[in-house]
Every structure is written in C-alpha cells, then in structure tokens.
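Following: one structure in structure tokens, then a few remarks.
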Amino acid sequence: MDEQPEPVQEPAPETGGGLDRRAELSEFLRTRRARLKPEDVGLPDFGRRRVPGLRREELAQLAGVSVAYYTRLEQGNGRNVSAEVLDAIARALRLTGAEHAHLMHLAKPKQHKKKQAARAQQVRPALRHLLDSIDTVPAYIVGRRSDILAWNRMAAALFGDWAELPAPERNWARLVFLRPDYRELFVEWDQKAADIVGFLRMDAGCHPDDPRLSALVGELSVKSEEFRRLWAAHDVKEKSYGVKRMRHPLVGDLTLSFETFRLVDEAEQALITYHAEPGSPSAEALRLLASWGADATRAATGTPAQ
C-alpha cells in the first residue's frame, strides 16, 4: 500500500455549532409527507391542493395520532415522543428502513460526549495490514462524514493517490462535488452524488451536534449548486452493495461491483471493496492496473482520477 500518514488530531473548525436538530426533523417530515399522494395510501383525493402531498390531518389519521400532536412533531418538537408513535408515523409515511432509522435519530437523539466529534478517527494496524494483503481488489476504509481513512495500492490506482492530498480533502463528498476529475470518473455521477448526500444525511441524524459535519455541509452548500439541491431534498440512504460504472483515464470503461463491510467493533467505519466479474473486460482492466504496481499512480499519462 502507498505510504499513508498516521491520523492526527485535526484543529477544531471555525464554526462553533452543529446542525439544528429541530429544523432537520421538521424538514424531513415535511418532505416525506410532500412526496405522498392520497391514492398512494388509499385516501380519496378531494380536488386541487395548494401544496403537493398529504395534508397534516390525513397523515395524522393514517398514523392514529391527533393532528395537534403530529403538527408539534413536524414543527420539530420531538420531546417525549414514544418509539411506538414514531413507528406508526414511519409506516404512514411509507419510510424505508434507512429513513425510519433517520427519523428515530432525529426525534430521539442519543447523547454523545462533546469530545467524540473532535476525536481523530483511527484505523487499527491490523486493518491496514489487511488492506496491504489485498493486492488485486481496490479496497478502502471510510469513516464519519465520508472521510477516507485508509486504502490499498489498487484503490490508489483506481481512484487516485489520496496520499498526495491534505487530510481534510480525503473526503468523498469533497472529491465528488468539488473536483471535476471525479465527475468524469463516475459515468453515473448523479447517482454517486445522491448516494454521498444520503450517507451524510444519515450521519447528520446520528450526530447533529458535530461541528465538523456542519462545516462540511456549509462548505459544500456554498461551493456546489448540486449539493445544495440534493441536501434540501432530505433523502437518506445507506447502500451496502451495488454496481458502479467508471471511465478510467488509463484503462477506459469499467463495470465494478462494490461491497460494504461494516466493522463490528467500530460501527462508524466500513471496508469497501470493488471487484469485476471474472473473465470480463473490467477484470482484465483491473489486472492491468495491478500489473503496473506502484508505478500505476505515477504513469506518464498522469495519476488516475487526479
């Protein structure tokens, strides 16, 4: 694996607070309600509506709660709400599993020590050795806020040599939204961008008081119109596997399957691997990258994805 600096304690960001949890809860419920039509939930539609989606009284009826109770919740007041009521509202809103978990995090947040948000993310030495031993499959470890914490030589050959970037820039959200070369690397860039924002939304629900996450969201909102639009949608998702199509500057088009392995002892970190179907052109392209060894990221045509 390319030499990677050990994690260091990063300075605190200039912004002092995190995201407004009450505003996040309010907007999440409002946007989920707006995407439902009466016919989606078996209700009659009595003519034209001033705003899209179900009315609050209709959603309250479906969830079996009073309109006043639901209104208070949608205004961001989740204090003392029971898990049973949240389950009923999640069913009424037709939430996915990831959205249901996000609602629970927003309405009934766990208490975190303030020092947790500033603590440097560490990757166990044994995991770094594991990455070193995976020499034919691109693999990396991602942590909080979509930070890239460790990677192997094949990941550097596929995505670019992250060791050359300052630590704060080793972040998938910054790479995808702020670097044109990553827009060219991912054939379906729009889907990759939506996945990243959905991941950040999940992280924000779990850690609404994280000032670093708030600073990242603020930076991307200022610098990227696409990020602002996706963030305002309040969509959350957690993809554990799938397929990505890429257009690599050295080996051309690749179709790779990815798998996500959440670490049991460090739930906020995950090992991500990419592999190709045996015998496919993509498998041959990966073999070619592997055969170049350490020279792959220093090829005369330029470092991949840089």
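Nothing in this text is a laboratory measurement; each read-out follows from the coordinates by a stated rule. These numbers were taken from a predicted model, which means no experiment stands behind them. Cβ placement follows ideal geometry from the backbone for every residue including glycine, while neighbour counts extend to all protein chains displayed.
In this simple spin-label approximation, Leu43 and Ala23 carry label points 7 Å from Cα along the Cα→Cβ vector, and these lie 2.8 nm apart. Dividing the summed helix terms, -39500 (n - 2.57) for each DSSP H run of n ≥ 4, by the number of residues in the chain produces a 222 nm estimate of -13000 deg cm²/dmol to the nearest 500.
Length gained on full extension, Ser257 to Lys108, computed as 0.36 nm times the residue gap minus the Cα-Cα distance: 50.1 nm.
In this rough spin-label picture, where each label sits 7 Å from Cα along the Cβ direction, the Ala68-Ala88 distance is 1.6 nm.
With only alpha-carbon pairs counted, each pair once and no self-pairs, how large is the Kirkwood hydrodynamic radius of the stretch 21-107 in angstroms? The partial results should precede the final answer.
On the way: mean 1/r = 0.0773 Å⁻¹.
Computed over the stretch 21-107, the radius equals 12.9 Å.
Rounded to whole numbers, the Karplus 3J(HN,Hα) couplings from phi for the stretch 250-257 are 9, 10, x, 6, 9, 10, 10, 8 Hz, using 6.51 cos²θ - 1.76 cosθ + 1.60 with θ = phi - 60°, and x at Gly and Pro.
Between Arg50 and Ala267, what length in nm is gained on full extension when 0.36 nm per residue of separation is reduced by their alpha carbon distance? Gain in length upon complete extension: 73.8 nm.
Here the label points at Ala290 and Asp190, each 7 Å from Cα along the C-beta direction, are separated by 3.5 nm in the simple model.
Its Cα gyration tensor gives the chain an equivalent ellipsoid; the semi-axes, largest first and in whole Å, are 40, 22, 17.
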